[in-house]
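A short worksheet on the structure shown next.
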Ligand SMILES: *[C@@H]1O[C@H](CO)[C@@H](O)[C@H](O)[C@H]1NC(C)=O
C-alpha cells in the first residue's frame, strides 16, 4: 500500500533474468531526446523511511511525508508547488510527485555552485526535522523518470550500484548527539549521446552534504568538506541555506539499459539457490504425494469394484463408506461460495498481472503500473468472481441466488475499503502524504462498486444459468454418524500442517516482496515470483487433496470448509512471518506505525487466505468428483 513507492518492475523474461545484464524492455516508454540547453525537469516525490546501510539496519517508520510538508521548509517553486499527473497505482503506492525550483538545462552550468534559497526553520520544526533524520528518512527525486540515487559499492563483488533515494541528514558517528541536516546537493547527471548533439539522461546520482557555518554568507563549493555540519537548533529559529551543483558526466550506458544500475542484487545466489532448493523439494514432494495418492486410490477403487462384481455380502470401508454424504450441503454454503468467488477473482488477477509482468509490459519508468494493472484486473474479473461463486453455490445446493450474487459483489470490496479507509485516517492524523487523496478514493469506489459489482452480478447471472455441476453419487437422506478423527486431522492442526508446504515454497521470495512493500526496496524479479506463485498453487492444491483424502478415509465427510481452510493454511504462516519480519527488520517507534503495519499485514494475509483457500477448495472439489465418479455404487 502507500508505504512503498517502488514496486518497480523490470520487464524481463525468465531467460533474460538468467543473464541479468541483458535487460529486456518492450517499447513502453520512448526515450526523451534533449539538445544542449533544453530544460531538464527535476521532480520531487514523497520522503520515505529507508534502510540505512548495514545488514542489521531496521526500518523505523511506516509513514511517508510530502516533500512540501510545511515542517520541512524545503525551497518551493516561485508560483508554488504543483502536483504532477500520476497513475492510480502510483498514487496508491504512495507517490506524491511535485515540480521543484531547480532550474536545470542540458549541459549548462557544469560545476557551478548555485544558491537555491534560504529558509527559516522555527524551533518546533527543527525538532520535527531532527526526528525524521534519526528515522533515516530519504529524499526521492526524479529526473526524466529516473530516481535520484546514491552510489554504493557492493562489499562482496565490489560492483557499483545505485541505491534509490538519498539521506535527509546524517545521524551517525561524529554527530552522535544531534543529527546534521543536508543542505547541499551535488547532482550528478549522467548522459549518453546516441547521435551527435542529441543527449539522453541515463543516470541520476545525488551526493548530499551538510554545511554549517554562517548560513547568510555566500557559499563556495570549492572550499567545501572541512567545515562543520549544519545542526538545527531546537531552541531558536534557524536559517538554512540550500545550495546545489550540477555535474554533467558523459556515460556509455545506452538508454535501454539505464535501469540496470538500479536493479542490483546483492547476492544473486541467495535468490537462486534458495529458490531452486525449495522448488526442487516442493516439486519432488508433490510428485511423491500424487504418486502415492494415485496408487492407493486406484487400488482402493479396484478393490471396491471387485467386491461389487463378486456379489458377496458387501462391506464398505474407507472413503467409499461416505459416498452418500460427500455432496451433502455444507453449513454456511453461502459464506463459503462468496469466499470462493472472491478468491477466484483475486487468483485471476494475480495470474494475469504476473503474465503482464513477465512479458515486460510493466516498464520500470512507468511508475505504479503494477498496481494499476492489478486494480484494473480485479475490477474486470468481478465477472469471474460472480460466475464461480454462483456455480459453487448452486453445486453445494444453495437456493438463494440473488443473495449470493449481492454478497459476492459487495462483501470483500466493502471490507477492504473499510480497512483502507481506517488506515487512511491514521495516515491523515500522522500528517503523512501516504494518505490516499479523496479523488483517488472516489475513483476506487467507482471502479469497485460501479464497474466490478455490476460485472460480478453479470457473472452470477451466467453462473446460475449454467447451474450446479453434476455429482456422480447421490446424497443419502439421513446423515451418517461421524466417528472421532485423529488429532492431526482436526481443523486447526491440519490447517497449520498443510500451510507449511506452500509457505515453505514461497518464503524466500516473500522476503523480497516484504522488503519491496515495507522497506522501499526495488522488486523486479518477476520470473522468480511467477515460478514461486506456480509452485505455491500446485502445492496448495496437492496438499488440500491429500488432507481431504485422509479425512474421508477417517469417515469425516464434511470436507467443503476443511478443503478451503487447508488450502488457506499458508496465510497463517504468512501472518507469523509478518511478525517475524517486524521483529527482525522493523523498529516501529510509534503506535501509528505499528497499527499501519498490522493493517497492511492483515490485508495481505486475507488476500493470501482467499487465493490459496480457493485453489484448495476447487482442486479438492475436482478430485472428489473424479474419485467418486470412479467407483460403482449400488
Ligand atoms: C563537467 O565537469 C566535470 C568535472 O569537472 C567533467 O568531468 C565533465 O566532463 C564536465 N561535463 C561537461 C559536459 O563539460
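The values are calculated or read from the model by the stated rules, or taken from the named source; none is laboratory data. All values derive from a computational prediction rather than experimental measurement. Heads up, the Cβs are rebuilt from the backbone with ideal geometry, glycines too, and the neighbour counts pull from every protein chain shown.
Restricting to the range 181-200, give me the number of residues that are within 13 Å of the ligand (Cβ to nearest atom) and within 17 Å of residue 260 (Cα to Cα). Walk me through it before giving the result.
Of the residues in the range 181-200, the ones within 13 Å of the ligand (Cβ to nearest atom) are 186-193, 197, 199.
Okay, now just the ones that are also within 17 Å of residue 260 (Cα to Cα), so 189-192.
Residues that pass the stated criteria total 4.
When you check residue 446 against the structure, is it in a helix (DSSP H, G or I) and free of Cβ contacts under 8 Å to residues at least 24 places away in the same chain, yes or no?
Numbers: in a helix (DSSP H, G or I): yes; free of Cβ contacts under 8 Å to residues at least 24 places away in the same chain: yes.
So residue 446 passes the test.
Residue-wise test of (1) within 19 Å of the chain's Cα centre (by Cα); (2) in a helix (DSSP H, G or I); (3) under 25 Å from residue 618 (Cα atoms); (4) not assigned by TED's automatic domain parsing to the domain that holds residue 577.
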position: 425; (1), (2), (3), (4): no, yes, no, yes
position: 428; (1), (2), (3), (4): no, yes, no, yes
position: 442; (1), (2), (3), (4): no, yes, no, yes
position: 461; (1), (2), (3), (4): no, yes, yes, yes
position: 475; (1), (2), (3), (4): no, no, yes, yes
position: 481; (1), (2), (3), (4): no, no, no, yes
position: 504; (1), (2), (3), (4): yes, yes, yes, no
position: 515; (1), (2), (3), (4): yes, yes, no, no
position: 524; (1), (2), (3), (4): yes, no, no, no
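Of all residues in the range 201-259, count the ones that are more than 16 Å from the ligand (Cβ to nearest atom), exposed (fewer than 15 other Cβ atoms within 10 Å of the Cβ) and within 20 Å of residue 36 (Cβ to Cβ).
Residues that pass the stated criteria total 1.
Would you mind finding the one in 253, 243, 216, 257 that is modelled with pLDDT under 85, within 23 Å of residue 148 (Cβ to Cβ) and assigned by TED's automatic domain parsing to the domain that holds residue 105?
Only one candidate qualifies: 257.
I'd like to verify a number: residues in the range 161-216 that are free of Cβ contacts under 8 Å to residues at least 40 places away in the same chain, within 22 Å of residue 131 (Cβ to Cβ) and in a strand (DSSP E or B), how many?
1
Looking at residue 151, is it in a loop (DSSP other than H, G, I, E, B) and either without any contact (Cβ under 8 Å) to a residue 40 or more places away in the chain or over 21 Å from residue 75 (Cα atoms) (or both)?
Considered against the rule, which asks whether it is in a loop (DSSP other than H, G, I, E, B) and either without any contact (Cβ under 8 Å) to a residue 40 or more places away in the chain or over 21 Å from residue 75 (Cα atoms) (or both), residue 151 comes out as no.
Of everything in the range 378-405, what is in a helix (DSSP H, G or I) and more than 30 Å from residue 557 (Cβ to Cβ)? Give them in sequence order.
Within the range 378-405, the first condition is being in a helix (DSSP H, G or I), and the residues that meet it are 378-380, 382-395, 401-405.
Listed by number, the residues that qualify are 378, 379, 380, 382, 383.
Taking the range 99-116 as the region of interest, how many residues are assigned to a loop (DSSP other than H, G, I, E, B) and within 16 Å of the ligand (Cβ to nearest atom)?
6
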